[in-house]
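Structure first, then comments.
Nothing in this text is a laboratory measurement; each read-out follows from the coordinates by a stated rule. Small disclaimer: the values here were computed from a predicted structure and weren't measured. In this analysis, Cβ positions are derived from the backbone assuming ideal geometry, glycine residues included, and neighbour counts consider all displayed protein chains.
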There are 2 protein chains.
Amino acid sequence: MVLQAARSLGVDIDSVCGGRGICGRCQVTQAVGEFAKHGVRSRPENLSEFSAVEQEYCSTQPMDEGMRLSCSTQVLGDVVIDVPSASQLHRQVVRKEAEAHDIQLNPVVRLHFVEVQQPDMHDPSGDLRRLEDALEFEWRLTDLKCDVLVLHRLQQALREGDWKVTVAVHGGNQIIAVWPGFREHTYGIAIDVGSTTIAAHLCNLSTGEVVAASGIMNPQIRFGEDLMSRVSYLMMNPGGEKEMTQAVRVAINQLAADVAFQVGIDPTDILEATFVGNPIMHHLLLGISPIELGGAPFALASDHAITIWAVEIDFAIHRNARIYVLPCIAGHVGADTAGVVLAERPDLSDEITLLVDVGTNAEIVLGNRKRLLACSSPTGPAFEGAQISCGQRAAPGAIERVRIDASTLEPRFKVIGCELWSDDPGFVEAIGATGVTGICGSGIIEVLAELYLAGVIRHDGVINGELAARCARIQSDGRTFAYELWPAPEGGSAIRVTQNDVRAIQLGKAALYAGVRLLMERMGIDKVDKIRLAGAFGSHIDVKYAMVLGMIPDCALEQVSSAGNAAGTGARIALLDQRARPTIESLVRRIEKIETAVEPRFQEFFVEAMAIPHLTAPYERLREAVTLPERQPVNTESPGRGRRGARREAARVQAAS
Amino acid sequence: MVLQAARSLGVDIDSVCGGRGICGRCQVTQAVGEFAKHGVRSRPENLSEFSAVEQEYCSTQPMDEGMRLSCSTQVLGDVVIDVPSASQLHRQVVRKEAEAHDIQLNPVVRLHFVEVQQPDMHDPSGDLRRLEDALEFEWRLTDLKCDVLVLHRLQQALREGDWKVTVAVHGGNQIIAVWPGFREHTYGIAIDVGSTTIAAHLCNLSTGEVVAASGIMNPQIRFGEDLMSRVSYLMMNPGGEKEMTQAVRVAINQLAADVAFQVGIDPTDILEATFVGNPIMHHLLLGISPIELGGAPFALASDHAITIWAVEIDFAIHRNARIYVLPCIAGHVGADTAGVVLAERPDLSDEITLLVDVGTNAEIVLGNRKRLLACSSPTGPAFEGAQISCGQRAAPGAIERVRIDASTLEPRFKVIGCELWSDDPGFVEAIGATGVTGICGSGIIEVLAELYLAGVIRHDGVINGELAARCARIQSDGRTFAYELWPAPEGGSAIRVTQNDVRAIQLGKAALYAGVRLLMERMGIDKVDKIRLAGAFGSHIDVKYAMVLGMIPDCALEQVSSAGNAAGTGARIALLDQRARPTIESLVRRIEKIETAVEPRFQEFFVEAMAIPHLTAPYERLREAVTLPERQPVNTESPGRGRRGARREAARVQAAS
């Protein structure tokens, strides 16, 4: 048969039914003609005729013209066979994200259809032993173990299926489920447990496809918006972690039910799950108190990857399903970052890649094939719109894009849910009753960068009150100044950027930059080749503005991009490719963990990074990209610049030379 | 130190505290003097002085004169050291039973005291990793895994214990519990799930001692007295196995609570459990339907040993405790028989051993070092006193010993709960209100054997009605005769042996003997070297009478003995010595399983064995042992003897020659 011939040549063609013409996974086509390269003439008659088995399969399943079931097609002479990617055992799952490597499909749970010997009084072996014999004979699986719950159903499944059953085997050695007869599909779920939202992707483990996705708010928000306030809650309420654990477990069960419902399966059809999350969510999900993570030395309970039964975290998918939780890297660098690393694989490249996942803490990974470093930097929640006077989550009415005319200092902006700019005719009508409600995280970055480019904010971050004289938008509150983006509606309040808002962002961006600089210094470099911004924040901000503000180090603009939900992608990779698990585990062990809190240099970098960069060569390169209006000349001797400005200029000269 | 010196010489001295002078397990004595054999003069001054650590230990714990803690005693010159058995790592646990080999103490769960590195911001490894490092450094344990529930408590235990903790490790590679500070003892429970009673032994895993024992009636009795009636119940009541499973699980929890209470520990201090039971109890305990075992081909769900969490069978001992269930051998030969094999180890001897466990089925194992055979024979419940007109369980009032005067045909007997024989003065007063209530299993064997020896029962099992003329105890019911042991009290009924009773015992003993003969024939032998009778029945019967009736094959009387509760002992061995587990697993695989139901020879042997043996040479040897009264001459040409008598005589001649 073509199937056996291919396998003996080392070409792995997929199959669930073991060559019985049931599953249709092994379809191939013949390339007909003269193949000089192979010295072969591949004639149609060199394959056996379309068989009865193929006709039977065709009558129930769609099968493209020219396709053959390799398990029922005989090789009668020289042939050239094309194995389409869908029929390859370890086929690639193409990822949508640009620049991302594909996922190799090699799930930890596989289905195997077998025919089991019937019991015989002369050979009183147990049903399980005969099942194992069949799995060894047909699939070369040895040293199998079996969950006791499988034993509960095994006898009935064998007899119902007339001694033909489909078996789910985990990791090639653990029998976790058995069904009478033939079963084709099995499912897995990858879950990213974020502080704010929990997102799930349901995948068909046979095809690698994402068949459903869903996300919900993390119900723990009722214990505190950000992570540290949740840990504080626990310190105040001993034993409260039980409640928080239960809350997140209820949420993942809702998610599983939701994605299963979307595709018309039962949650118990889900046979495997993978999880990523920051250290605190990681601990709470597993029922471990995160209190130790709330104070120095920030000790994790475990930095291992964890494989346990889903039921051990009360996750009501298949009763024998296992879950795989990616390893945390350090007390502030979680399994979510491990997911980002697995999705981005900076270790596969010679280029120095900087991975940044911005949240209440920024988790930062820097390195390449030779060396990987990681740290976490306390950026605070400003980038998420918290602690900003008019900050809000990304939702309709939130300002997300801003431009400020450098001569008039007048703003124009766009809000989420409306295609028009604020100075387009009909804008007010278009936004309707929602109005302009606040500024989201990406909007704050833009408005600050634009205010800086327009000269409203100085290098030291101070809103220049002198400009109040020529622009009514710059308004004094007595001691400091604010910039009004949108006037107060009747009975409402104006949308403005206050001096405190600028300070909050300055603190955040200084922390982020200082973390990056610390890793760069440790690595002995002044420049990175590539920057990937992970997470929701990274997806929404315009990276040019992040660079204008000095959030991220200099890098060719085209080398800065969003990595999307890279943590979630990492969970999906670990779900679809079992070999990714030892890979990320050893990568995480290899990563050098830097604790910013005990690095004196971090403090220095932090202080230096408080200023907002001035206009130098790299900025000039950005000029076109941000379609700058005419701008004010800027004083390069601004008092806020300090030591850092000089250092950065020196670095740039070096990089340019 | 003496401890290290001993270990480097390959002498394993026990220790839990890792040489800190806390546990006192490593005590040794010095043998002082000239040891020509070793060429050594062992002087007192060749060991360091009694140390402060030893004084400290002494002040809190009893320590015998002359004992030293080998972990704090330095070797200063030539010494000869005695390691008492209590200080040996793999010491022997002496078994009470005669002829039984000792158990080597090597439990699967061991305690290890370690000191763990504190977390450090410069090395952000998890608590678990540092614990593993300590276990590797101090105890050379590698590739450790850890239950997720240990992680729930790990952080607190480390901090409470000031970074010193005691860890329970299962199988040398799985961390299952952690406690702050030093902990010395851990417990295991061995459970024999019988059809009628469930018995538990609680063992201290550090010493191997049985510290408590308890037994209760199997609550499944309400679903049917014997196993087959329970399976019938299930066939009539689909889904009823859930109820039956729950009943047995409730019972084992009661037992665990009871034995724990006896020694003042909590059931959660029990870290390991082992189980034996017949196939039906085995399946029900594990939640597997036993219905397949109720009909041909009697297929087991699994014939593997099973290691799972206790919680998987709702067994509320330590949350991470594992249970080990010994393997079943065949559909009618259960894990209880595997326990008997493990307790008796017939495979260690050249002698041919016959192991018999009599219950509703007799489970029979025959063989030696070279070959082992097993089968089950349907003896019916007669040996347990069921289906016998005056049969009852062994309880006060039940006749257990019987003698019949061969000339007068008058009986004398003893009942359970009374020291006097029935013809002793004051017997009636001694038994008091209880009276004589029935005949227990061992009593039935004796009365039948004595009736046979007295000539009341003929070779063919017929009660000789002709004797009614000279003895009023032989009474007719019209068609057949009965023998009255005890007259009816006022308003009660007489205790008698009816013709039907004799038939029931004949059927049972014929089945047992036929099973044994089948195995002997398969093995090509006519004689066994040793017979061990396991179980309650084996403990109570007088084996001489069993031989008189022809229940068991000929064998030197001194080579026939009770093995006590050998199945339970097997469970205890598997509990105390982890190496016994692979041993019994491979032994069970090696055993040749014979299904009596499909062996035509079994039917032949069965018919032949219905007769009761006549007086031949082997019986003469028994004569003294049973203190025979003068007896009637017996007709050796009795019509019931048939082919079998001749065969057995031939065999005996051969054996004697």
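Under 15 Å from a label point 7 Å along Cα→Cβ of B:D477: give me every residue in segment B:372-416 with its amide N that close. What the label zone holds, given the 15 Å backbone N cut-off, is B:387-391. Centre-to-centre, using Cα atoms only, segment B:326-344 and segment B:258-298 are separated by 14 Å. In terms of other Cβ atoms within 10 Å, B:D78, A:D147 run from fewest to most in the order B:D78, A:D147. If you take the beta carbon distance between A:Q603 and B:Q156 as r and set R0 to 30 Å, what does 1/(1 + (r/R0)^6) give as a FRET efficiency, to the nearest 0.05? Efficiency at R0 = 30 Å is approximately 0.35. Counting neighbouring Cβ atoms within 10 Å and putting the fewest first, the residues B:L227, B:L507 line up as B:L507, B:L227.
Which value in deg cm²/dmol, rounded to the nearest 500, describes the helix-derived mean residue ellipticity at 222 nm for chain B, given -39,500 (n - 2.57) per DSSP H run of n ≥ 4 and division by the residue count? Could you put the intermediate results ahead of the total?
Details: 18 runs with 201 residues, N = 657.
Counting only the DSSP helices, I get -9500 deg cm²/dmol.
Would you mind telling me the antiparallel percentage of the DSSP bridges in the protein assembly as shown, rounded to 5?
On the way: 142 of 199 bridges.
That works out to approximately 70 percent antiparallel.
The modelled label-to-label distance for the pair B:F182/B:R41, using points 7 Å beyond Cα in the direction of Cβ, is 3.7 nm. For segment B:390-433 versus segment B:2-72, the spacing of their alpha-carbon centroids is 59 Å. In this rough spin-label picture, where each label sits 7 Å from Cα along the Cβ direction, the A:R503-A:D405 distance is 3.3 nm.
For chain A, the antiparallel share of DSSP beta bridges with both residues in that region comes to about 70%.
Please get the size of the charge dipole for segment A:1-84, origin at its Cα centre, with Cβ charges of +1 on Lys and Arg and -1 on Asp and Glu, quoted in debye to the nearest 20. Display every interim value, and only then the final one.
Values: 7 positive and 11 negative charges, 46 e Å.
That gives a dipole near 220 debye.
Once you reduce segment B:508-540 and segment A:216-244 to the center of their Cα atoms, the two points are 68 Å from each other. Is the shape of segment A:245-360 best called rounded, prolate or oblate, per the rule: a/c under 1.5 gives rounded, else a/b larger than b/c gives prolate, else oblate, with a ≥ b ≥ c the square roots of the Cα gyration tensor eigenvalues? Here segment A:245-360 falls in the oblate category. Between B:D123 and B:A433, the distance separating the two model label sites (each 7 Å from Cα on the Cα→Cβ line) works out to 7.6 nm.
What's the local net charge at A:R129, with K and R +1, D and E -1, over the other residues with C-beta under 11 Å away? Spell out each step's value before the answer.
On the way: positive: A:R130, B:R589; negative: A:D123, A:D127, A:E132, A:D133, A:E136, B:D303.
Charge balance near A:R129 sits at -4.
Between copies, the label points at A:P425 (set 7 angstrom from Cα along Cα-to-Cβ) are spaced 13.6 nm, reported in nanometres from shortest to longest. Go through A:Q578, A:N565, A:I591 and say which Cα lies farthest out towards the positive end of the charge dipole of segment A:517-605; charges sit on Cβ, +1 for Lys and Arg, -1 for Asp and Glu. So the residue we want is A:Q578.
Pulled fully out, how much extra length does the chain show between A:V250 and A:E592, if you take 0.36 nm times their separation in residues and subtract their Cα-Cα distance?
Working: separation 342, 0.36 × 342 = 123.12 nm, distance 3.53 nm.
Full-extension gain reported as 119.6 nm.
Between the listed residues B:G264, B:T337, B:G161, the Cα displaced farthest toward the positive end of the dipole of chain B, a dipole computed from Cβ unit charges relative to the Cα centre, is found at B:T337.
Take B:W163, A:W421, A:W486 and order them by how many other Cβ atoms sit within 10 Å, fewest up front. Mind dumping the intermediate values first?
On the way: B:W163 19, A:W421 15, A:W486 22.
Arranged by neighbour count, lowest to highest, B:W163, A:W421, A:W486 become A:W421, B:W163, A:W486.
Considering the zone a paramagnetic label at A:V75 would reach in this model (a point 7 Å from Cα along the Cα-to-Cβ line), which residues of segment A:6-49 have amide N under 11 Å from it? Correct set: A:6-11. Any idea what the relative contact order of chain B is, in percent, if you count C-alpha pairs under 8 Å spaced at least 6 apart? Over chain B, the number comes to 11 percent.
Inside 10 Å of the C-beta atoms of A:292-301, what's the mean count of C-beta atoms belonging to other chains?
6
The mean sequence distance of close C-alpha pairs (under 8 Å, at least 6 residues apart), as a share of the length of segment B:479-624, puts its relative contact order at 28 percent. Shape class for segment B:389-520, computed from the alpha carbon gyration tensor (a ≥ b ≥ c): oblate, with a/c not under 1.5 and a/b at or below b/c. Hey, for a label at B:A556 modelled as a point 7 Å past Cα toward Cβ, could you say which residues of segment B:333-376 have their backbone N under 16 Å away? Label zone hits: B:350-354. Applying a 4.7 Å cutoff between beta carbons, the unpaired cysteines of chain B are B:C26, B:C58, B:C71, B:C146, B:C203, B:C328, B:C375, B:C390, B:C418, B:C440, B:C471, B:C555.
Starting from the label point of A:A296 at 7 Å along Cα→Cβ, the same points in the other copies fall at 8.0 nm, in ascending order. Each other copy places its own label point for B:F50 at 9.8 nm from this one, sorted shortest first, where the point lies 7 Å along the Cα-to-beta carbon line.
Once you average over the residues of A:125-131, how many Cβ atoms of partner chains fall within 10 Å of each Cβ?
What the average comes to for A:125-131 is 6.
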